[in-house]
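Asker: Quick one: the structure is below, questions incoming.
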Amino acid sequence: MAAGVNETVLSEAAPEGLDAIQRIVARYLTFPGARRYTPPEVYAKAGVDEDWAIALWRAMGFPEVPDDQKVFTDADVEAVQLATQLFERAHLDRAVALQQARTMSQAVSRVAFANQDVIADFTTETDPIRRAEEAISLAKDTLPALDRLLVYMYRRHLAAATEQQLLIEGSEEGATNMTIGFADLSRFTSVTRELEPRDLAMLIDGFNGEAADVIVEAGGRVVKMIGDEVMFSSLDAEAAAMAALGLLDAVSPDKGYPPLRVGVATGGVIPREGDLFGPTVNLANRLVVVARPGTVLVDRATRDALASDARFEVSPIAARHLKGLGRVRPYRLRAAAATRS
């Protein structure tokens, strides 16, 4: 009840046992507010037609709620109104608006689940009542600050994305010229069979942290982390090359990681929903597959872009058959001898 759960909700959950009550408490802790409205009441109060509201709710990644259940709060009504006004003010048609809602929801969902991993380890308390009390205290202390921090980080990233957009050089219609890189841990499948779950989690967390630090320091952007693989991008090949070589040093067997391999390609890409697509992306991804552990392979366009940079040595290797791309001649990238430690 200290979390805001009323007696009616508690009495309905009680017959299902302690687990049901704990789920209710967790829900109210992280999303407080009296559950006053059924779905039709939300549509009416927000002044939004039912089909649009349902489509928006689905795009945000939530399952539909039966029309007779009072599970929505004043915050839900306000969110529907805000989303509708935002997309209308931006003059977005509904398909684009739903795409934007879907993209934002998926990003925030990942943040939420990552936070939950930390919260799950917050206490060693075994008594469920005390665990709930600690969770209540943690929520009261941290959620307001977390809300502000998320808004701050979003605005910082928006500023960086806007600045990058102004610097992007166009290529063929609808594409932009960028350098794309993929790096993955070789022998990762066999490693997962050898490690305990906690050790595997530490390995992945370490890889994610090292990779992100190196890429950002070199002037690149982490596009996404995919388990044992990271995809990154840069507006210039030099920064991507520095990131690639830096990754080999930072994520190395000397530090307890499986050997890393990297593939880099330069050319036109299609930006969509924070991700990047197109033949250049496919080429970089195929290069990392044929790269030997501990090496960086680049395409001809990247080699040409690095030709006048004395920090790098780029040498051809035998042509490879790349799935979906045919025979391609890769080039091995290394730091110039004068710069090697």
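Every read-out reported here was derived from the displayed coordinates using simple, explicitly stated rules and does not represent laboratory data. This is a predicted model, so every value here is computed, not measured. Cβ coordinates were reconstructed from backbone atoms using ideal geometry, including for glycine residues, and neighbour counts include every protein chain displayed.
Asker: Please sort through the DSSP H helices of the chain and keep those with an alpha-carbon extent of at least 30 Å along the long axis and a Kyte-Doolittle average not below -1.0.
Answerer: Length and hydropathy pass: 94-120, 128-167, 197-218.
Asker: Something else: Search the structure for amide H atoms under 5 Å from the amide H of residue 252, placed 1.01 Å from N in the peptide plane, and list their residues when 5 or more places away or on another chain.
Answerer: Under 5 Å from the amide H of residue 252 lie the amide H atoms of 257, each far enough along the sequence or on another chain.
Asker: Restricting to DSSP H runs of at least four residues, report the calculated mean residue ellipticity at 222 nm for the chain, -39500 (n - 2.57) per run over all residues, nearest 500 deg cm²/dmol.
Answerer: So the helix-based figure for the chain works out to -17500 deg cm²/dmol.
Asker: Hey, another quick one. Exactly which chymotrypsin sites (Phe, Trp or Tyr not before Pro) in region 41-116 are in a DSSP loop and have at most 11 other Cβ atoms within 10 Å?
Answerer: On the way: sites: 43, 52, 57, 72, 87, 113; in loops: none.
Passing sites in region 41-116 do not exist.
Asker: Under the definition of Cα pairs under 8 Å and six or more residues apart, what whole-number percent is the relative contact order of the chain?
Answerer: On the way: 462 pairs, mean separation 39.1, N = 341.
Dividing the mean separation by the residue count of the chain yields 11 percent.
Asker: Starting with the fewest neighbours, write out 131, 187 ranked by other beta-carbon atoms found within 10 Å of each beta-carbon.
Answerer: Values: 131 16, 187 12.
Least to most surrounded, the residues fall as 187, 131.
Asker: Expressed as a rounded percentage, what relative contact order does region 170-339 have, with Cα pairs under 8 Å and six or more residues apart?
Answerer: Over region 170-339, the number comes to 23 percent.
Asker: Which aspartates and glutamates have a Cα lying under 16 Å from the Cα of residue 323, excluding residues fewer than 8 positions away in the same chain?
Answerer: Partners within reach: 299.
Asker: Once the convex hull of the alpha carbons of region 170-339 is built, what does its volume come to per residue, in cubic angstrom?
Answerer: Output value, Cα hull per residue: 118 Å³.
Asker: Whole-Hz Karplus ³J(HN,Hα) for region 258-273, in order, using 6.51 cos²θ - 1.76 cosθ + 1.60 and θ = phi - 60°, x for Gly and Pro?
Answerer: Result, rounded to whole Hz: x, x, 9, 9, 9, x, 9, 9, 10, x, x, 10, 10, x, 8, 6.
Asker: Would you give the gap between the C-alpha center of region 218-247 and the C-alpha center of region 304-328, rounded to a whole Å?
Answerer: Centre-to-centre distance over Cα atoms comes out at 17 Å.
Asker: If you plug each phi of region 301-318 into the Karplus form 6.51 cos²θ - 1.76 cosθ + 1.60 with θ = phi - 60°, what whole-Hz ³J(HN,Hα) values come out, in order, with x for Gly and Pro?
Answerer: These are the phi-based 3J(HN,Hα) values: 4, 5, 4, 4, 5, 9, 4, 9, 9, 5, 6, 10, 10, 10, 10, x, 10, 4 Hz.
Asker: Give the long-range amide H neighbours of residue 295: residues separated by 5 or more places, or on another chain, with amide H under 5 Å away, using H modelled in the peptide plane at 1.01 Å from N.
Answerer: Residues meeting the amide H criterion: 262.
Asker: What list do you get for 299, 51, 254 if you sort them by fewest beta carbons within 10 Å?
Answerer: Ranked by crowding around the Cβ, least crowded first: 254, 51, 299.
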